[in-house]
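These notes concern the structure reproduced below.
Derivation of every value follows stated rules applied to the coordinates shown; laboratory data play no part. Just so we're clear, the structure is a prediction, and the values are computed from it rather than from any experiment. Positions of Cβ are backbone-derived with ideal geometry, glycine not excepted, and every protein chain shown enters the neighbour counts.
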Amino acid sequence: MNRRPLFLITVLCFGFAFFYIPILSMMVYSFNASRLATVWGGFSTKWYVSLFSNEQIGAALLLSLQIALISATFATILGTMAGIALARFQKFRGRVLFSGLVSAPLIMPEVITGISLLIFFILLGELIGWPGQRGFTTITLAHITFSMVFVTTIVQSRLIQADRSIEEAAMDLGSRPWQVLKDVTLPVIFPAILSGWLLAFTISLDDVVITAFTTGPGSTTLPLLIWSKVKLGVTPDINALASLTVLVVGIGVALAGWILNRAEKRRAADERLAYQANQ
Amino acid sequence: MTETAPFIRIEGVSKSFGSFQAVQDVSLTIAKGEIFSLLGGSGCGKTTLLRMLAGFEEPTAGRIFIDGQDMAGVPPYSRPVHMMFQSYALFPHMSVEKNVGYGLKHEAMTKAQRADRVREMLELVQLTPYAARKPHQISGGQRQRVALARALARQPKLLLLDEPLAALDKKLREHTQFELMSIQERTGVTFIVVTHDQEEAMTLSDRIAVMDKGQVKQVGSPTEIYEFPTSRFVAGFIGSITAFDATITGIADGLALAEVKAFGTTITARATPGLSPGQQVTLAIRPEKLTISQIRPESGNVIAGEVKDLAYFGKDSLYRVTLPSGELVSVHAVNAQRGDAAVRAPGWYDKVWLSFDPPSAILLTE
Amino acid sequence: MDMPGQANRLSRWFNRKGWSDLIVGLPYVWLVVLFLVPFLIVVAMSVASRAPSAPPFAFGGDYPWINLEGYQRLFTDDLYIRAFLTSLSNAFVAMIFCLLIGYPMALGLTRVSPSARSILLMLVILPFWTSFLLRVYAWMGLMGKNSWFNHLLTDAYNLMTPASWALKSLPMMYSNFAVVLVMVYTYLPFMILPLYASLERLDPTLDEAAMDLGTRPFGVFWDVTLPQSIPGIIAGGLLVFIPAAGELVIPTLVGDAGSPMIGRVIADEFNAVRDWPMASAVSVALLVLMVVPMMVYSHYQAKAGGPK
């Protein structure tokens with residue numbers, strides 16, 4: 001039976017070529033000895049070497065990681081709460097507004113969010129004296145705000161699919177609702193929460209526009225650094241940086257996939273053993 | 001009228017998925033206009049065989065002929081075969097009418113002719129008032145009828161039904177059974193039904209093929225399968241049966257004498273061909289074939305026992321009787337006469353006599 | 001009140017209603033303060049007047065203290081209308097191409113063997129997790145005048161056209177073409193993944209039923225698969241269109257400075273021109289334009305992702 005038509009396979013091939021040719025080209029040229037990023041001048045790893053000794057990039061990377069770590073964690077906490085509120089509480093005051101607030105940042109253009117936060121911080125500074133200087137704190141607050149909604153989406157849809165009967169069983173056995181949440185619901189949806197954290201981390205690490213608006217002097221995140229360099233054109237040390245990023249992310253994704261696959265296989269094997277034992 | 005070549009011929013068909021053999025060397029012939037059932041538990045290969053008939057799987061070996069035409073390499077959309085899926089598979093975005101008429105666009109008909117055929121089909125399954133509704137707006141039983149009408153609309157040579165009654169509740173099941181049979185009679189289409197429910201197979205079919213582990217164990221009419229099973233598996237699969245170990249002591253005239261340790265006596269029963277004295281066999285007897293009484297019968301096979309348990313259903317009773325060896329046997333008795341002081345029905349712990357006619361039990365080798 | 005008494009009251013409040021109030025309240029307050037309020041400020045700002053103070057805005061002298069001049073300029077000044085049209089058309093074209101490429105890819109993913117599928121899905125997810133900025137950058141490398149890619153295409157172009165049309169290199173960078181190309185490149189995973197999820201949820205026995213009734217594979221796709229995936233297509237399309245319309249990074253890096261997109265206009269008004277009220281007015285106008293698509297999106301996203 002023809003379930004694998006040639007046309008679809010061809011499109012898949014072209015699609016993946018489209019995805020990866022630019023990336024592979026960039027990776028190849030990161031070993032380009034010539035400074036002209038687009039003309040091959042021989043093999044060299046000097047750009048990687050200069051990358052590792054570049055203090056600016058090191059500082060920016062550190063800052064980005066710190067911001068990402070903190071904002072991802074808080075975004076996950078708040079986002080999970082919001083997801084629970086929307087998925088488990090049927091009616092509460094202002095629910096409509098709340099779900100609107102949770103879905104708007106997902107598709108609102110970042111430039112508008114960026115401007116609004118900047119104006120907000122400036123006015124707030126005038127009004128109560130804080131924040132006096134924009135920087136780490138304001139960036140983190142901004143990141144938490146717009147990445148928590150992504151966590152909410154993930155957690156909410158996971159909760160809707162989850163099996164309610166185990167929560168009911170817990171309540172039947174005497175647990176109060178908040179204990180059920182702590183003991184039963186959260187552990188079961190933990191993988192979703194974890195992937196929410198990872199998503200929030202990546203979004204924060206990668207953000208350019210909102211960070212650009214809410215940053216202040218001295219707080220240059222890695223994306224901002226790259227942004228300023230890239231506006232001037234293609235440079236080979238960025239090639240090297242990009243290639244390293246792709247490599248790290250690639251290993252991460254492959255690792256995650258392999259772990260998930262192993263867990264799935266183990267579960268299937270356990271189920272099979274149990275089934276056979278009962279025959 | 002002489003029988004020409006059978007309508008459907010399945011010759012030596014096997015199907016393997018990797019190292020797993022789902023169907024092993026199955027050969028069947030099915031006559032035109034028959035209702036034929038493939039009966040078996042899950043994993044016996046009946047669904048795989050059905051899918052090979054429909055064209056969704058190709059046999060690894062063997063051939064399938066429908067009305068004389070070899071179906072090798074013929075895709076599902078080119079076969080004169082249609083299927084009523086277990087989940088009904090109705091198109092959710094189309095109305096009942098559109099669902100039923102869906103296959104007709106591949107037939108050379110005018111728009112008016114198609115509309116007529118759809119109307120005819122809806123009348124056949126009594127769904128005319130629901131023509132404009134969508135699948136989620138009708139009940140499960142109604143959805144099944146739409147699936148049936150849709151499959152019959154193109155007047156196929158063969159209709160395949162995958163567990164047709166499985167999703168219906170008891171009342172609906174009985175009603176649908178008769179409806180299916182009457183529709184089949186009216187249209188004359190050959191039906192092949194796949195089911196795990198032996199009651200379903202027995203009531204619906206003209207003939208049944210009992211399958212186990214990819215092989216056909218026995219083919220026959222419901223009576224043949226029930227009364228004359230050729231193997232312990234088939235005997236145990238249909239209806240209830242109690243089986244005892246027995247040793248043949250003599251053979252005469254299609255009947256055999258066998259010593260049954262559980263009974264403590266020698267009995268006479270029907271024998272499958274090819275048995276010889278001294279052979280270890282199985283005596284298979286159905287609960288309704290045993291008579292239970294507190295007066296010792298004059299003739300036939302007689303066994304002593306004591307009532308251990310009984311379940312009274314009103315119209316009939318089921319007894320569990322302890323035999324001399326300690327083993328239990330089930331006896332089913334119809335309460336045909338009103339309870340009478342002189343002929344009191346057996347109760348708990350009563351000593352009773354069980355008897356059966358020789359032809360009512362069989363000695364099997366497998 | 002004594003300590004144990006207070007602790008008791010707190011625990012009782014928490015157990016009965018407090019815990020749920022906390023769960024709803026904390027994120028709610030956060031979003032209101034850090035999202036809604038700033039947004040409302042922008043709306044208010046759009047009717048303020050520009051002023052040479054710091055911050056550079058003021059609410060004008062007499063009643064009604066609002067200045068609608070900004071909104072007026074949106075319609076009278078050519079720049080804004082052109083920018084809106086450019087943005088909408090670029091976003092629309094990008095959406096169409098994402099659909100044309102992404103839908104077959106998502107469909108193909110549902111049809112390959114399970115082992116191939118997990119690897120291919122990882123390959124789709126990988127760009128998604130890689131830095132967006134760096135992916136734009138990768139294309140900048142390819143589109144540049146001296147890149148091997150450009151040389152390749154130029155040679156092919158020169159082969160196929162008469163000598164008088166020959167070029168030294170194809171002018172790809174700093175054009176709407178580049179913007180659309182890069183937008184398709186970066187937004188494609190956002191189209192493929194949700195489409196794949198909704199296509200994967202479809203019932204394969206429906207395909208078999210259609211084939212059983214005489215329909216060939218392409219007909220099965222047209223009659224059964226496509227109609228059922230319409231909610232997913234609309235949701236995926238809008239998920240690309242709406243953010244693309246307001247893009248800033250891509251037009252700045254590879255776009256035509258002469259015909260900017262609206263995101264760039266907003267940023268320029270804000271940063272370079274320091275006309276906050278105008279920037280706010282343009283932002284509000286963009287959002288108003290996006291309201292209807294946003295609502296259509298939530299409607300179809302629920303349909304596409306909801307349980308059957």
- Query: What order do you get for C:91-97, B:355-361, A:148-154 when each peptide is scored by the mean count of other beta carbon atoms within 10 Å, highest first?
  - Reply: A:148-154, C:91-97, B:355-361
- Using a Gaussian network model of chain A whose springs link C-alpha atoms within less than 10 Å, name the residue from A:Gly15, A:Gly114, A:Gly218 with the highest mean-square fluctuation. A:Gly15
- What are the DSSP H helices in chain C that stretch 24 Å or more along their long axis, judged by alpha-carbon atoms, and whose average Kyte-Doolittle hydropathy comes to at least 0.0? C:78-111, C:176-200, C:276-305
- Message: Can you show me the helix-derived [θ] at 222 nm for chain C, built from DSSP H runs with n ≥ 4 at -39,500 (n - 2.57) apiece and divided by the number of residues, rounded to the nearest 500.
- Response: -23000 deg cm²/dmol
- Item | 10 Å Cβ neighbours from other chains, averaged over peptide C:38-46 | 5
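Kindly rank C:187-193, C:254-260, B:266-272 from highest to lowest mean number of other beta carbons found within 10 Å of each residue.
C:187-193, B:266-272, C:254-260
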- Message: Under 10 Å, Cα contacts only: if you run a Gaussian network model on chain C, which one of C:Gly102, C:Gly214, C:Gly70 comes out with the highest mean-square fluctuation?
- Response: C:Gly214
- Task: Give me A:Ile122, B:Ile10, A:Ile251 ranked fewest to most by other Cβ atoms within 10 Å of their Cβ, as a rough exposure proxy.
- Result: A:Ile251, A:Ile122, B:Ile10
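Would you work out the charge dipole size for chain C about its Cα centre, treating the Cβ of every Lys and Arg as +1 and the Cβ of every Asp and Glu as -1, and quote it to the nearest 20 debye? Please report the intermediate quantities before stating the final value.
Working: 18 positive and 18 negative charges, 117 e Å.
So the magnitude is around 560 debye.
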- Item | Taking chain B and dividing mean pair separation by its residue count, relative contact order in percent (alpha carbons under 8 Å, at least six apart) | 15 percent
- Message: Just to confirm a number: summing +1 for Lys and Arg and -1 for Asp and Glu over residues other than C:Arg274 whose beta-carbon lies under 15 angstrom from that of C:Arg274, what do you get?
- Response: -2
- Message: For chain B, what does the helix formula give at 222 nm: sum of -39500 (n - 2.57) over DSSP H segments with n ≥ 4, over the residue count, nearest 500 deg cm²/dmol?
- Response: -6500 deg cm²/dmol
- What are the ³J(HN,Hα) values, in whole Hz, obtained from phi via the Karplus relation 6.51 cos²θ - 1.76 cosθ + 1.60 with θ = phi - 60°, for each residue of the stretch B:86-100 in sequence order, with x given for Gly and Pro? 4, 8, 6, 6, 6, 6, x, 8, 10, 6, 4, 4, 5, 4, 4
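Over the stretch B:240-364, what is the mean sequence separation of C-alpha contacts under 8 Å (at least six apart), divided by residue count, expressed as relative contact order in percent?
Relative contact order, the stretch B:240-364: 32 percent.
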- Item | Within-10-Å neighbourhood charge of B:Phe191 [Cβ basis; K, R +1; D, E -1] | -2
- So what is the calculated 222 nm ellipticity per residue for chain A, using -39500 (n - 2.57) for each DSSP H run with n of 4 or more, over all residues, to the nearest 500 deg cm²/dmol? -25500 deg cm²/dmol
- Considering only C:Asp212, C:Asp203, C:Asp21, give the residue with the highest GNM mean-square fluctuation for chain C, with springs between Cα atoms whenever their separation is below 10 Å. C:Asp21
- Note on the structure: Amide H proximity to B:Thr190 below 5 Å, modelled H, separation 5+ or other chain, gives B:Gly33, B:Leu159
- Return a whole-number percent for the relative contact order of the stretch B:1-112, with Cα pairs under 8 Å and 6 or more residues apart as the contact set. 24 percent
- Note on the structure: Summing +1 per Lys or Arg and -1 per Asp or Glu among the other residues with Cβ less than 10 Å from B:Ala72's Cβ gives -1
- In peptide A:118-128, how many Cβ atoms from other protein chains are near each Cβ within 10 Å, on average? 4
- Query: How far is helix B:111-124 tilted off the main Cα axis of chain B, in degrees rounded to 10, range 0 to 90?
  - Reply: 20 degrees
- Message: Ranking request for peptides A:54-63, B:47-56, C:282-291: highest mean number of other beta-carbon atoms within 10 Å first, then the rest in descending order.
- Response: B:47-56, C:282-291, A:54-63
- For peptide C:113-122, how many partner chain Cβ atoms fall within 10 Å of a residue's Cβ, on average? 2
- Query: With charges set only on the Cβ (+1 for Lys and Arg, -1 for Asp and Glu), what does the dipole of chain B come to about its Cα centre, in debye to the nearest 20?
  - Reply: 1300 debye
